[in-house]
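The structure under discussion appears below in the form of C-alpha cells.
The values are calculated or read from the model by the stated rules, or taken from the named source; none is laboratory data. Computed from a predicted model, the values in this text were never measured in an experiment. Backbone-built Cβ (ideal geometry, glycine too); neighbour counts: all protein chains shown. Heads up: the accessible areas ignore ligands, DNA and RNA and are worked out on the full protein's heavy atoms, side chains in. Shrake-Rupley method; radii C 1.70, N 1.55, O 1.52, S 1.80 Å.
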Amino acid sequence: MEAPAAAQGPAEPSGPSSPSSVEITVTSPEQMRELGRRLAKLLRAGDLVMLSGELGAGKTTLTRGLGEGLGVRGAVTSPTFVIARVHPSLGDGPPLVHVDAYRLSGGLDEMEDLDLDVSLSDSVIVVEWGEGKVEELTEDRLRLRIDRAVGDTTDEVRHVTVTGLGERWAGADVSVLAG
C-alpha cells in the first residue's frame, strides 16, 4: 500500500506566534524512542502532536517512546485498524490518545465520532497521518515530519523536523529535543 500524499494544511502563522522549529537526525529505532521520551517532557494535557512521514518512517516508534515518557498503560502499537487507542496514565499525568488518521477522510467530526472515552482537552493527542484532517482541533499544535530514504534500503537514518505552531509553542524551546 502506498502512503497517501500529505495534504496542504492552513498557511503558517506569522508574527509573534511564528513557528519554532528544530531539525534532528536519528540513526536508530532506539534513538527515535528516546526522542519520544524527551518529547513527553514538553507535553501537557490538551496538546496535539501531528506526525507525518512515509510508511515505516518511525511514527509509531516515536509514539512508543512518548508513551514511555508519559508513563501510560498498555503497549503502544499502531492503531491503523482500530483507528484510535487510549492509554490511561499510570500516574498523575494525562492519558495518551494515539490516532492513526490514514483511513479517515474528515476532520473534527470524524475525531468526535471515534467516541473516545476521554476528554481531548485532558489528554495528549498524537495523530499519525493527521495533516489536512485534524488542524481544526486546535491552532496550537506540534508537527513532526519524519523523512527517510525510500525504496529498497536498510538505512536507519531519519531526519525529524519538529515545528511548534500557535501561542502554546511560540515561546517553547523545541531545540531541547535535539538532546
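Could you give the length gained by full extension between E156 and A172, i.e. 0.36 nm per residue of separation minus their alpha carbon distance, to one decimal place?
2.9 nm
What does the accessible area of S175 come to, in Å² to the nearest 10, when a probe of 1.4 Å is used?
60
Please sort 126-136, 85-95 by packing, taking for each peptide the average over its residues of neighbouring beta carbons within 10 angstrom, highest first.
Order by mean packing, descending: 126-136, 85-95.
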